[in-house]
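The values are calculated or read from the model by the stated rules, or taken from the named source; none is laboratory data. Predicted model, so just to flag it, every value in this text is computed and none were measured. Backbone-built Cβ (ideal geometry, glycine too); neighbour counts: all protein chains shown.
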């Protein structure tokens, strides 16, 4: 059984990015990731003395630890860079994270064991996927990963997310694994039954791809908004130095962004015979309070940006910092039209709403302000009002609506769904992954974010500091992508949104929020209520 647990965690890890990014077929391992453990566990249950709850939890915990160790090792680097922690302390923080990060796995197997005391295995197989998804979606996870995210680079299987989001794919994966083990052990003549799940999933994905590709061909005849994204590849040290006003760092940062913005304009003219309608810089690219300079170097930096924007006929969209009248800081995205570039008037500004815990905020920090002194390199920000849309015109006067998200917000399906409900033509996500290094996290973050395009059937422009900057179409495919840790520019065309709505988005409009997650959680709590009732009845 321990061997089965180790094998299951290994299959799980290798089905995810970065492995599946380079070899997409590895995502298929996720279909059988839990099969080895389920098979060995059920065999042992029938052939030996029944396994107790404690041992069941510990065996599931082995899978949990394997997934975290194999998939989140980059946290060591991140805590060193972002939190300023020495290596030994960073390792301890990572090991503590491993203890709690993926507890949905042992919790599922414990609940499975308890349920099978009152339910037949046939009934359990039918509800198993909903229960696992309910546990995982309810359990507080920092990065919101789930088994279904393994299919980010699998064109056809990823399309299932437009039914119920990524957790719907997770439901199918667990149901398949449970059904496969059941038929293999109990009645091998029915082994064809579980194989229908991936087969029908593939057929659905292929149907949706063909359908939406046809709509996208027609859509190409409509007006377009050309957007250039700048990836300046500013290192962590330079970003911090610029924010603190050290040794001309802000001059160097703004120079790099303006230089590559100029290159983006030149490339767009060569390709489209016109400059881009908008230029996007990533999260906190502008390393100061825009519109409220505090130092001489900040005033100089702002003047350079405004002067550049005044000569550029499009809109500058850039990440930076903002401050309200009560001097509360915000991680923000600014929309600077050319016509207002030389004025100090208030411009449309989006404030980040969902903050990264332990990166941009701390639990109870508002009640105990002294906690902020423990992490001097950490930012503590206010929260914006939530999803909003911003209008951006093209050169012919056509208006396009963009729904922004900043970094972490791109992981939340309901956030992008609410932006789509406001009438967005495209999603725009700005990010800075430089703190996390070149391995693991940039790939995982990118994979988790891409599913927002499939759920909403809207394209996404993703602008990052160090990569991956990308243009993603409504099928989750990459229309363009930049390399990691290299300066680059990328221009993409946005058209009015498709005349089609995903089932997920339709249900979100009716029920609001992440409706499928709530459904699986209702299933989970219904089962818990049933088991509680049975226990009381027996007592």
#### Entry: Any chance residue 128 is farther than 23 Å from residue 193 by Cβ and assigned by TED's automatic domain parsing to the domain that holds residue 176
no
### Task
Keeping to the stretch 433-470, report how many residues are free of Cβ contacts under 8 Å to residues at least 60 places away in the same chain and either assigned by TED's automatic domain parsing to the domain that holds residue 210 or out of contact with any helix residue (DSSP H, G or I) (no Cβ under 8 Å at 6 or more places or on another chain) (or both).
2
### Query
Can you find a residue in the stretch 257-269 that is outside any helix (DSSP H, G or I) and in the same structural domain as residue 303 (by TED's automatic domain parsing)?
no
#### Entry: All positions within the stretch 212-246 that are more than 30 Å from residue 495 (Cα to Cα), free of Cβ contacts under 8 Å to residues at least 40 places away in the same chain and surrounded by fewer than 17 Cβ atoms within 10 Å (Cβ to Cβ)
237, 244, 246
### Query
On the given criteria, is residue 197 farther than 30 Å from residue 438 by Cα, outside the structural domain of residue 259 (by TED's automatic domain parsing), surrounded by fewer than 24 Cβ atoms within 10 Å (Cβ to Cβ) and within 20 Å of the chain's Cα centre (by Cα)?
no
### Task
Please specify each residue of the stretch 373-399 satisfying the condition of being within 21 Å of residue 432 (Cβ to Cβ) and either modelled with pLDDT under 90 or over 18 Å from the mean Cα position of the chain (by Cα) (or both).
375, 376, 377, 378, 379, 380, 381, 382, 383, 384, 388, 390
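Every residue, every condition in (1) in contact with a helix residue (DSSP H, G or I) (Cβ under 8 Å, 6 or more places away or on another chain); (2) at pLDDT below 95; (3) over 26 Å from residue 401 (Cα atoms); (4) in a loop (DSSP other than H, G, I, E, B), yes or no:
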{"position": "197", "(1), (2), (3), (4)": "yes, no, yes, no"}
{"position": "203", "(1), (2), (3), (4)": "no, no, yes, no"}
{"position": "206", "(1), (2), (3), (4)": "yes, no, yes, no"}
{"position": "213", "(1), (2), (3), (4)": "no, no, no, no"}
{"position": "221", "(1), (2), (3), (4)": "no, yes, no, yes"}
{"position": "227", "(1), (2), (3), (4)": "no, no, no, no"}
{"position": "230", "(1), (2), (3), (4)": "yes, no, no, no"}
{"position": "234", "(1), (2), (3), (4)": "yes, yes, yes, yes"}
### Task
Those residues that are loosely packed, with under 15 Cβ neighbours inside 10 Å, part of a helix (DSSP H, G or I) and under 25 Å from the mean Cα position of the chain (by Cα), I need them from the stretch 15-66; list them, please.
22, 25
### Message
Can you tell me how many residues within the stretch 76-121 are without any contact (Cβ under 8 Å) to a residue 12 or more places away in the chain, buried (at least 17 other Cβ atoms within 10 Å of the Cβ) and within 22 Å of residue 43 (Cα to Cα)?
### Response
1
